[in-house]
Amino acid sequence: MSLTFAATPNAAPLGAAERDAILANPGFGQHMTDHMVRATWRQGEGWGGAELTAYGPIALDPAAAVLHYAPEIFEGLKAYRHADGSVWTFRPDKNAERLQASARRMVLPELPVEDFLESLRVLVEADEPWVPAAGDGEKSLYLRPFMFGSNAFLGLKPVTEATYMCIASPAASIFVGGPKPITLWICEDYARAGAGGTGAAKCGGNYASALRGQLEGAQNGCDQAIFLDSSTHTYVDELGGMNVFFVTKDGKLVTPELTGTILPGITRMSVLELAKEFDLVAEERKVEIQEWKDGVASGDILEVFACGTAAIITPIGGLKWNGGEAPSTAGERGGEVTRGIRERLLSLQQGRSEDSYGWMHRLV
Ligand code: PLP
Ligand code: COI
């Protein structure tokens, strides 16, 4: 039986003037909406206790599994307002399936797809005034579903209780100032994920482990770090929160193949499908970091970009590593293909072009 979220609306939501001030300049991940949803899974009982309540702190037992062994997984997707006022999200079934795949890897319970979708609908319906207006740049309402082991037990074993929640936060572009090319640091000392590890799961630990490399990049004047395969340091994996694509001179749109250490991004999956609209042949294969360095120098690689829900499509400019750097192919605003794919994706998400792929899902 599917979940019904019992609603206790926030009795004191933020006033319209304050909310509008936030929506005028939301940044990313800084301001939360008035509500949240949650549901609890208990071993032997399954999912229950589904509710929508006012946003606020939660009580956790200090022995809760998540605080010690990090059984935690999450998702990220956006709600977009279309010109007629309706609110939509992009391929949420894929997020639901990825949350289930992450749950399997981390031995957490799987939330049924229909319950995941209902949790988004209930939250966005309650927080509908928080969805930025259509045509207001690239603003959207970022949705952050997550799940963690909440039973109190210090032994190391699969959880017996899990809490699922979804919160929401209005968002502008993740990078201040919009789609300006970012500089990447090749992280050779720290890996984000290894063979047999959790790289393909969207679990919090992967992000904690990526921070050291990102910090090293920042100390070297870079915006983000690019991680390599942990065994040979030869092949390109991905960024800390984005997948990577290369546009080649011979008409290919190349991205590293999914080897188990890379997050299967939903933007990545969609860009691979959009390639044909740009007369590019999509190719998933291993990409050597040396091929990247050589390719931008020789002109065999015309453009490089990163993609993800928060980042949308972000042009990649220069590449730096310990003892060297490669020139940027991105100019001031990214190459033509990067900008074209970015605009195509945004036009679908924002409802400015016909949803010919059937990717959009109406929430409100
Ligand atoms: N890679 C990592 C590590 C991420 O965290 C994300 C963001 O969710 C992505 C790639 C892109 O995934 P998606 O396009 O589903 O947002
Ligand atoms: C997203 O793009 O939704 C992510 O989860 C990336 C996160 C690091 C902000």
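No value in this document is a laboratory result; all are computed from the given coordinates. Computed from a predicted model, the values in this text were never measured in an experiment. Positions of Cβ are backbone-derived with ideal geometry, glycine not excepted, and every protein chain shown enters the neighbour counts.
Subtracting the Cα-Cα distance of Glu325 and Glu97 from their residue separation scaled by 0.36 nm leaves 78.2 nm.
Before anything else, pin down the relative contact order of the range 182-349: Cα pairs under 8 Å, at least 6 apart, normalised by residue count, whole percent.
So the answer I get is 23 percent.
The packing ranking, built from the mean of other Cβ atoms within 10 Å per residue, places the peptides 308-316, 11-19 in the order 308-316, 11-19, highest first.
Other residues within the sphere of radius under 9 Å centred on the Cβ of Leu143, judged by their own Cβ, net out at +1 (K and R +1, D and E -1).
When only C-alpha pairs under 8 Å and at least 6 residues apart count, what is the relative contact order of the chain, in percent?
Working: 808 pairs, mean separation 65.8, N = 364.
Result for the chain is 18 percent.
Taking Gly29, Gly46, Gly241 as the candidate residues, the one with maximal mean-square fluctuation in a Gaussian network model of the chain, Cα springs under 10 Å, is Gly46.
Dimensions of the range 182-349 from C-alpha coordinates, computed as largest minus smallest value along each principal axis and given longest first, are 37, 32, 24 Å. For the range 248-272, no residue has its backbone nitrogen under 18 Å from a point 7 Å from the Cα of Arg212, taken along Cα to Cβ.
For the Cα trace of the range 206-289, dividing Rg by the Kirkwood Rh returns an Rg/Rh value of 1.00. Looking at this model, which pairs from Lys249/Lys320; Lys78/Lys320; Lys286/Lys320; Lys78/Lys202 are more than 25 angstrom apart at the alpha-carbon? Pairs exceeding 25 Å: Lys78/Lys320. Dimensions of the range 98-240 along the principal axes, based on C-alpha atoms and rounded to the nearest Å, stand at 49, 44, 23, largest first. Segment Asp294..Arg362, full-extension length gain: 20.0 nm, with 0.36 nm per residue of separation and the alpha-carbon distance subtracted.
A protection proxy built from the mean count of other Cβ atoms within 10 Å ranks the segments 278-288, 100-110, most packed first, as 100-110, 278-288. Note on the chain: percent of Cα-Cα distances in each 20 Å bin, starting at 0 and stopping at the bin with the largest distance, equals 29, 58, 14, 0. Where only DSSP H runs of four or more residues are counted, the chain gives -7500 deg cm²/dmol as its mean residue ellipticity at 222 nm, each run worth -39500 (n - 2.57).
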